[in-house]
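Each remark here refers to the structure printed beneath this line.
The values are calculated or read from the model by the stated rules, or taken from the named source; none is laboratory data. These figures come from a predicted structure and were not determined experimentally. Cβ coordinates were reconstructed from backbone atoms using ideal geometry, including for glycine residues, and neighbour counts include every protein chain displayed.
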């Protein structure tokens with residue numbers, strides 16, 4: 001072996017030996033993470049140490065890196081959604097709840113007089129349901145009242161089960177359906193149901209962090225992850241895809257991140273799927289292949305699909321310029337709690353402002 005080649009071989013062996021014997025990167029002590037969380041929270045937050053302990057524990061349980069970016073993302077969403085209150089009060093909740101209960105009962109074809117008769121009955125704490133309803137201030141209180149009503153009132157389970165008007169809750173206002181779908185991984189004993197756990201600080205932070213950071217994204221800016229938190233995983237990526245479909249097909253589309261109409265049969269596609277199908281000859285895909293590809297819209301690897309690549313190629317050829325791979329969804333927020341016109345873009349932008357202030361602390 002020539003001398004130079006021999007020297008290179010020896011050097012490679014030494015380098016490989018060094019890599020093999022190098023100790024793993026040290027794990028950050030939990031106390032250090034908690035101290036950083038306290039430092040990055042607004043000084044006005046009560047019990048910052050308690051919040052930091054629950055956030056650190058949730059990150060550790062889910063093996064999410066406690067980087068400054070991740071910590072500030074969690075803190076920004078929490079500040080925006082609740083102002084660091086585990087079960088935040090909602091202005092006018094009793095009035096909103098009564099109207100919503102009447103609406104849901106009507107949707108279930110439950111006569112109004114039966115609803116009012118049920119509310120006059122004594123609840124588990126001795127007060128009538130009507131009295132408790134007039135006194136509710138938080139979504140946790142309203143959810144507990146509704147569960148009590150379903151369990152104790154005759155025909156309550158039959159008529160009103162699965163119609164609890166409270167669909168989000170806790171300090172991060174996480175979807176209760178999302179939390180229930182991920183209950184198996186919850187590391188602490190449940191005091192009651194997963195729904196009730198969402199309204200605690202520990203449970204609300206755990207499931208909120210899972211929704212915010214528990215999936216990989218293709219995004220280069222946190223604002224799109226914040227939009228996804230509000231609109232659903234990959235909504236920003238899917239809105240960008242819809243924009244590309246609109247450009248390629250010449251059809252106006254709502255950029256809402258929903259690639260498929262829920263439950264739509266193959267012969268009655270939704271707006272986005274119909275527009276994609278209009279490109280079928282150029283895409284060299286039939287209706288079934290397009291449907292299968294669009295069904296991957298809730299996954300990261302949709303970016304790697306032939307449909308994604310071909311739609312963007314067609315759209316960029318027509319536009320004569322590159323098109324974004326992530327776009328803030330154009331969704332108007334709908335909720336009985338919302339009294340003014342708000343959008344997903346507004347939410348994401350507000351959270352990003354808080355996120356950047358947190359990074360500067």
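Residue 140 meets the conditions (1) in a helix (DSSP H, G or I); (2) surrounded by fewer than 21 Cβ atoms within 10 Å (Cβ to Cβ) in every case but one. The failed one is (2).
Being assigned to a loop (DSSP other than H, G, I, E, B) and within 14 Å of residue 331 (Cβ to Cβ) is the filter here, so list the residues in the range 235-253 that pass it. Within the range 235-253, just 253 meets the criteria.
Within the bounds of the range 218-229, is there any residue that is on the phi < 0 side of the Ramachandran plot and without any contact (Cβ under 8 Å) to a residue 60 or more places away in the chain?
Residues of the range 218-229 on the phi < 0 side of the Ramachandran plot: 218-229.
Those left that are additionally without any contact (Cβ under 8 Å) to a residue 60 or more places away in the chain: 228.
The answer is yes, given that some residue of the range 218-229 is on the phi < 0 side of the Ramachandran plot and without any contact (Cβ under 8 Å) to a residue 60 or more places away in the chain.
Just one of the numbered conditions (1) closer than 30 Å to residue 356 by Cβ; (2) in contact with a strand residue (DSSP E or B) (Cβ under 9 Å, 6 or more places away or on another chain) is not true of residue 137: (1). Selection of first residues in the range 316-341 that are more than 17 Å from residue 245 (Cβ to Cβ) and of second residues that are modelled with pLDDT under 65 and surrounded by 10 or more Cβ atoms within 10 Å (Cβ to Cβ), restricted to Cβ pairs under 9 Å at least 6 apart or on distinct chains, gives the following pairs, ordered by first then second residue: 341/333. Evaluate the range 181-193: report whether one residue or more is within 16 Å of the chain's Cα centre (by Cα), in a loop (DSSP other than H, G, I, E, B), farther than 30 Å from residue 282 by Cα and not assigned by TED's automatic domain parsing to the domain that holds residue 98. For the range 181-193, residues within 16 Å of the chain's Cα centre (by Cα), in a loop (DSSP other than H, G, I, E, B), farther than 30 Å from residue 282 by Cα and not assigned by TED's automatic domain parsing to the domain that holds residue 98: present. Exactly one residue out of 125, 148 is over 27 Å from the mean Cα position of the chain (by Cα), at pLDDT 85 or above and under 14 Å from residue 166 (Cβ atoms): that is 148.
Residues being closer than 20 Å to residue 172 by Cα and in a loop (DSSP other than H, G, I, E, B): count how many of those fall in the range 218-234. Counting residues in the range 218-234 that are closer than 20 Å to residue 172 by Cα and in a loop (DSSP other than H, G, I, E, B) gives 3. Candidates are the residues of the range 195-211 that are within 9 Å of the chain's Cα centre (by Cα) and surrounded by fewer than 23 Cβ atoms within 10 Å (Cβ to Cβ); the one that is farthest from residue 347 (Cα to Cα) is 210. Of 267, 256, all but one fail to be assigned to a loop (DSSP other than H, G, I, E, B) and either in contact (Cβ under 8 Å) with a residue 24 or more places away in the chain or under 26 Å from the mean Cα position of the chain (by Cα) (or both); the exception is 256.
Applying the set (1) crowded, with 19+ Cβ neighbours inside 10 Å; (2) more than 30 Å from residue 54 (Cβ to Cβ); (3) touching a helix residue (DSSP H, G or I) at 6+ places or on another chain (Cβ under 7 Å) to residue 222 leaves exactly one unmet item: (2).
Screening the range 1-68 for helices (runs of 4 or more DSSP H) wholly inside it with 3 or more residues that are modelled with pLDDT of 95 or more and within 29 Å of residue 184 (Cβ to Cβ) returns the ranges 30-40, 48-61.
Screening the candidates 119, 160 for the property of being touching a helix residue (DSSP H, G or I) at 6+ places or on another chain (Cβ under 6 Å), closer than 28 Å to residue 231 by Cα and either loosely packed, with under 14 Cβ neighbours inside 10 Å or at pLDDT below 90 (or both) yields one hit, 160.
If the condition is being touching a helix residue (DSSP H, G or I) at 6+ places or on another chain (Cβ under 9 Å), outside any helix (DSSP H, G or I) and either within 15 Å of residue 236 (Cα to Cα) or touching a residue at least 60 places away in the same chain (Cβ under 8 Å) (or both), then the range 272-313 contributes 296, 297, 298.
Conditions (1) touching a strand residue (DSSP E or B) at 6+ places or on another chain (Cβ under 6 Å); (2) more than 21 Å from residue 353 (Cβ to Cβ); (3) free of Cβ contacts under 8 Å to residues at least 40 places away in the same chain; (4) crowded, with 19+ Cβ neighbours inside 10 Å, marked per residue:
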position: 67; (1), (2), (3), (4): no, no, yes, no
position: 70; (1), (2), (3), (4): no, no, no, no
position: 104; (1), (2), (3), (4): no, yes, no, no
position: 108; (1), (2), (3), (4): no, yes, no, no
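Does residue 52 satisfy being on the phi < 0 side of the Ramachandran plot, crowded, with 21+ Cβ neighbours inside 10 Å and not assigned by TED's automatic domain parsing to the domain that holds residue 149?
yes
Anything in the range 74-89 that is touching a strand residue (DSSP E or B) at 6+ places or on another chain (Cβ under 8 Å) and either surrounded by 18 or more Cβ atoms within 10 Å (Cβ to Cβ) or part of a helix (DSSP H, G or I) (or both)? List them, or say none. Those that are touching a strand residue (DSSP E or B) at 6+ places or on another chain (Cβ under 8 Å) and either surrounded by 18 or more Cβ atoms within 10 Å (Cβ to Cβ) or part of a helix (DSSP H, G or I) (or both): 87, 88. Residue pairs whose Cβ atoms lie under 8 Å apart, sitting 6 or more positions apart in sequence or on different chains, and linking a residue in the range 350-361 that is outside any helix (DSSP H, G or I) to a partner that is modelled with pLDDT of 95 or more, are 361/39; 361/40. For the range 312-326, what are the residues that are more than 27 Å from the chain's Cα centre (by Cα) and crowded, with 16+ Cβ neighbours inside 10 Å? 314, 315 - these are the residues of the range 312-326 that are more than 27 Å from the chain's Cα centre (by Cα) and crowded, with 16+ Cβ neighbours inside 10 Å.
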